[in-house]
Amino acid sequence: MLQNLLKEVISLIAGKPAEEIVGLLDTQKYINEFVIAKKLNLTINQARNILYKISDYGLVSSIRKKDKRKGWYTYFWKIEILKALEFLRENLLKKIDNAEHQIKSRETKRFYVCERCHIELSEENALISSFTCNECGAILTLKDNAKLVRDLRRNREKLERDLKIVDEEITKERGKEDKKRGKEMRKEEKVRVKAVKLRKAKLKRLRIKSKELLNVKVKKVKKKRQNKNRQSLVHLKKKAHKKIKKSKRTQKISKKKRI
Ligand SMILES: [Zn+2]
């Protein structure tokens, strides 16, 4: 069903022969324009003309890639399904509006016809030409609108059925897009959570490392202080020792003197 609707859209914009392009563009991927031209048996310029026409309505999107060797750009195309369906919807609404307008006009106004020339005139114009045909001079007759109104009503009903189908497809397509967006959002959320975790882990590692470094430093300082203390202790001991020696010596000398 979707394919038929899309074909209708392309046919409205670029003419009936162009509608075969739908079979090629109706994918999630972008398609190389040279592939499109080849598959449709068209020259690249013919294919591009069709694509540009559709592109004017925003119903296809493209990306370009540069050929590194030749240095020129190749375009890749994709159909914008939702936009195409909305275009069709607008078109149908206009047709329904037009049909309603005609039905109302046929039900409320009178028209006159020349049976011979099959010319139709509004009541005002028939009055101006005194109810005679400008072409052949025959007397105009009042047109029976009943059959026409019946046909117009039937046409309007068909258009309304078509509109319902298009609306259903639009709902489906929106559902698909929402699903896709939801999936993308969940993916982004996962990436974000992972990044936060990584950052936390890194911070933790850094904290541990700096703590270790600090510990090493503290140890070094402590050791240094201990060494210093030990050295000064040794020094004090030596000093004390010397003092004792000295005092012993003076004691000896004084003893000798006394003797
Ligand atoms: Zn006539």
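Observations, loosely collected:
- Applying a threshold of 8 Å to beta carbon distances and a minimum spacing of six or more residues, or different chains, the list of pairs starting in segment 115-131 at a residue that is among the β-branched types (Val, Ile, Thr) and ending at one that is more than 8 Å from the ligand (Cβ to nearest atom) reads 119/113.
- Among the residues of segment 107-140, those identified as farther than 24 Å from residue 152 by Cα and away from the ligand (no atom under 12 Å from the Cβ) are 127, 128, 130.
- On inspection, residue 104 does not qualify as away from the ligand (no atom under 16 Å from the Cβ) and either under 24 Å from residue 5 (Cβ atoms) or assigned to a strand (DSSP E or B) (or both).
- So residue 89, is it at pLDDT 95 or above, surrounded by 13 or more Cβ atoms within 10 Å (Cβ to Cβ) and more than 16 Å from the ligand (Cβ to nearest atom): yes
- If you go through segment 141-150 and keep only what is among the polar types (S, T, N, Q) and either within 8 Å of the ligand (Cβ to nearest atom) or part of a helix (DSSP H, G or I) (or both), you end up with nothing.
- Pairs with Cβ under 6 Å, 6+ apart, first in segment 20-37 and over 13 Å from residue 65 (Cβ atoms), second among the charged types (D, E, K, R): 22/7; 24/39
- No other residue among 97, 56, 67 is loosely packed, with under 14 Cβ neighbours inside 10 Å, farther than 30 Å from residue 156 by Cα and acidic (Asp, Glu) apart from 67.
- Exactly one residue out of 134, 91 is within 30 Å of residue 27 (Cα to Cα) and either outside any strand (DSSP E or B) or outside the structural domain of residue 22 (by TED's automatic domain parsing) (or both), and it is 91.
- Residue count for segment 62-88, restricted to those that are in contact (Cβ under 8 Å) with a residue 24 or more places away in the chain and outside any helix (DSSP H, G or I): 8
- So residue 73, is it more than 16 Å from the ligand (Cβ to nearest atom), under 30 Å from residue 175 (Cα atoms) and of a type in the set (Phe, Trp, Tyr): no
The values are calculated or read from the model by the stated rules, or taken from the named source; none is laboratory data. Remember, predicted model here, so these are calculated numbers, not experimental data. A quick note on method: Cβ atoms are made from the backbone with ideal geometry, for glycine too, and the neighbour counts reach across all protein chains shown.
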